[in-house]
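Below: the structure, in structure tokens.
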Amino acid sequence: MTSRNDNKNLVCPFCSLHCDDISVTTDNNSYKVNEKNNVCSKKIDSYNLNKKSVTLPKKGAKFITLSDALKGIHDLIKGHNETLIINHGVDLSGVRSMLNFASQRNCIIDHVNSKFLYQNIGVVQRTGYMATSLTETKNRADTIIIFGNKILDKSPRLLDKVIAPKNSLCSKSKKEILLIGDFAEKIVKSMKGRCNVTNIKFDLNMINDLLNATLSSDLKNIKGLSKNSLSKIKRIIGKSKYLVATWTTSDFIKTRNPKKIISSISKFIVNHNKFSRAGCMPISGVLADATSTQALTWMTGFPSRIKHIEETFKHDRNAFNSEILLANKNIDVVIHVSTINAEKLKMNKNVKNIVLGHPNTSFTSMPDIFIPVGIPGIDYEGIMFRTDNVVSVALKDIRNIKLPTTQNILDKLA
């Protein structure tokens, strides 16, 4: 059992930055986060056990034994044709076990955020791409363009750790930060004094026009942007010696053409390397998106939307798209794997739903079978990949509530 009043550093599994300096104080199997960032503190604290936490398997509303739950899952899968595994966030060992299980049962695997993944991957496949890392951006970038609106809400410590850090190896002066989109005023205020911030309220659909205008010798008229603002943007970019563009794809999902936006940013960065160093730094989703992509790619050759057929994994981004499959009623059983998702899981009433989830998992309706599993980085040690894919971080455990891991369950079912 965890000792009382034990101070530890948590390697956070709950966003793609995976900060390794989160101080927590444990008291038996509860913990308190000592992090100044309230958004991070509240999120991490929310995974503490409470009166609504479920630590025993359930069949519908009834508590059952683990052996009965495993038998129930086996019977559900055996009695139906098509099984889909949806990854809502799990560590490396969990992804590997998904693949092993899918290879035994001929399942489809998709990540809940794969629609965002394919927006970025399309650019890499079609036009080429120049990327940089969080570390490079922190220590060397002098100018950062941040596109979107919610990126700093989804990755709250991006500002403290990368964009405006207290300590930097090479860059001693304040970074120039261009906010392009619709950022909350509190975000802008929090940046002032720590960096030179220029906030441009701008329609994300017009990003391509804006970036093209920065390359022109003339000050073009762009809808929603004054010539003075365009002139300032051009001046800041022109003076940069290490320019970084960052975004999170989910911020573009409501635009007319997310692929075009990401492609235009990528082309702009590639072109800027003719004059000075520049790189893209997209921030992946908070549900271990990078971990899933890395593991599936090196083990199958494909990042998501795969199915085990004829003794191998095959890929089709349309045929194995979980949203399309469920909408078309082509699935009989869904296994939701959700160890780090704070959002309510949507249960499709047209299929049999199995959930391997953390004890505080909530649902739109009760799944057929729920098995509570441990949280990587809280209940057991594991590995996750950081958003820039250059670092795999080792997660530690900080409590012992004796829940099985996702790997334990899937390996027993395989």
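The values are calculated or read from the model by the stated rules, or taken from the named source; none is laboratory data. Keep in mind it's a predicted model, so treat the numbers as computed, not measured. Please note: Cβ atoms are built from the backbone with ideal geometry, for glycine as well, and neighbour counts cover all protein chains shown.
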Going through region 397-412 one residue at a time, which ones are surrounded by 16 or more Cβ atoms within 10 Å (Cβ to Cβ), out of contact with any Pro (no Cβ under 9 Å at 6 or more places or on another chain) and either farther than 27 Å from Gln104 by Cβ or of a type in the set (Lys, Arg) (or both)?
Ile398, Arg399
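Could you tell me whether Asp75 is touching a strand residue (DSSP E or B) at 6+ places or on another chain (Cβ under 9 Å) and free of Cβ contacts under 8 Å to residues at least 12 places away in the same chain? Talk me through it step by step, then tell me what you get.
On the way: touching a strand residue (DSSP E or B) at 6+ places or on another chain (Cβ under 9 Å): no; free of Cβ contacts under 8 Å to residues at least 12 places away in the same chain: yes.
No; evaluated as a whole, the condition is false for this residue.
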Could you list all residues from region 371-384 that are in contact with a strand residue (DSSP E or B) (Cβ under 6 Å, 6 or more places away or on another chain), buried (at least 24 other Cβ atoms within 10 Å of the Cβ) and hydrophobic (A, V, I, L, M, F, W, C)?
Ile371, Val373, Met384
Residue set Leu325, Leu345, Leu356; condition more than 26 Å from Asn48 (Cβ to Cβ) and touching a residue at least 40 places away in the same chain (Cβ under 8 Å); output residue Leu325
Among the residues of region 334-347, which ones are buried (at least 19 other Cβ atoms within 10 Å of the Cβ) and of a type outside the set (A, V, I, L, M)?
His336, Ser338, Thr339, Asn341
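Yes/no per residue for (1) out of contact with any Asp or Glu (no Cβ under 9 Å at 6 or more places or on another chain); (2) modelled with pLDDT under 95; (3) under 24 Å from Phe363 (Cα atoms):
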{"site": "Leu56", "(1), (2), (3)": "yes, no, yes"}
{"site": "Lys59", "(1), (2), (3)": "no, no, yes"}
{"site": "Phe63", "(1), (2), (3)": "yes, no, yes"}
{"site": "Glu82", "(1), (2), (3)": "no, no, yes"}
{"site": "Gln104", "(1), (2), (3)": "yes, no, no"}
{"site": "Ile109", "(1), (2), (3)": "yes, no, yes"}
{"site": "Ser114", "(1), (2), (3)": "no, no, yes"}
{"site": "Ile121", "(1), (2), (3)": "yes, yes, no"}
{"site": "Thr132", "(1), (2), (3)": "no, no, no"}
Conditions: (1) assigned to a strand (DSSP E or B); (2) under 21 Å from Asn408 (Cβ atoms). Lys307 meets all but one. Number of the miss?
(2)
Total residues in region 361-378, condition under 14 Å from Pro13 (Cβ atoms) and in contact (Cβ under 8 Å) with a residue 40 or more places away in the chain
4
Taking first residues from region 14-43 that are outside the structural domain of Glu343 (by TED's automatic domain parsing) and within 30 Å of Thr137 (Cα to Cα) and second residues anywhere that are among the polar types (S, T, N, Q) and outside any strand (DSSP E or B), the pairs with Cβ under 6 Å that are 6 or more apart or on different chains are Cys15/Ser155; Ser16/Ser284; Ser16/Thr387; Leu17/Ser155; Ser23/Asn34; Val33/Ser41; Glu35/Ser41
Which one of the conditions (1) of a type outside the set (Lys, Arg); (2) outside any loop (DSSP other than H, G, I, E, B); (3) over 17 Å from Pro282 (Cβ atoms) does Ser173 fail to meet, given that it meets all the rest?
(2)
Residue count, region 300-333, condition buried (at least 19 other Cβ atoms within 10 Å of the Cβ) and either within 21 Å of the chain's Cα centre (by Cα) or not assigned by TED's automatic domain parsing to the domain that holds Gln407 (or both), comes to 9
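Among the strands (runs of 3 or more DSSP E) contained in region 181-287, which hold 3 or more residues that are among the aliphatic types (A, V, I, L, M), touching a residue at least 12 places away in the same chain (Cβ under 8 Å) and surrounded by 21 or more Cβ atoms within 10 Å (Cβ to Cβ)? Let's see the steps before the verdict.
On the way: elements: 196-201, 242-246, 277-280.
Per the criteria, 242-246.
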Among the residues in region 289-299, are any of a type in the set (Gly, Ala, Ser), assigned to a loop (DSSP other than H, G, I, E, B) and either closer than 25 Å to Ser16 by Cα or not assigned by TED's automatic domain parsing to the domain that holds Val95 (or both)?
no
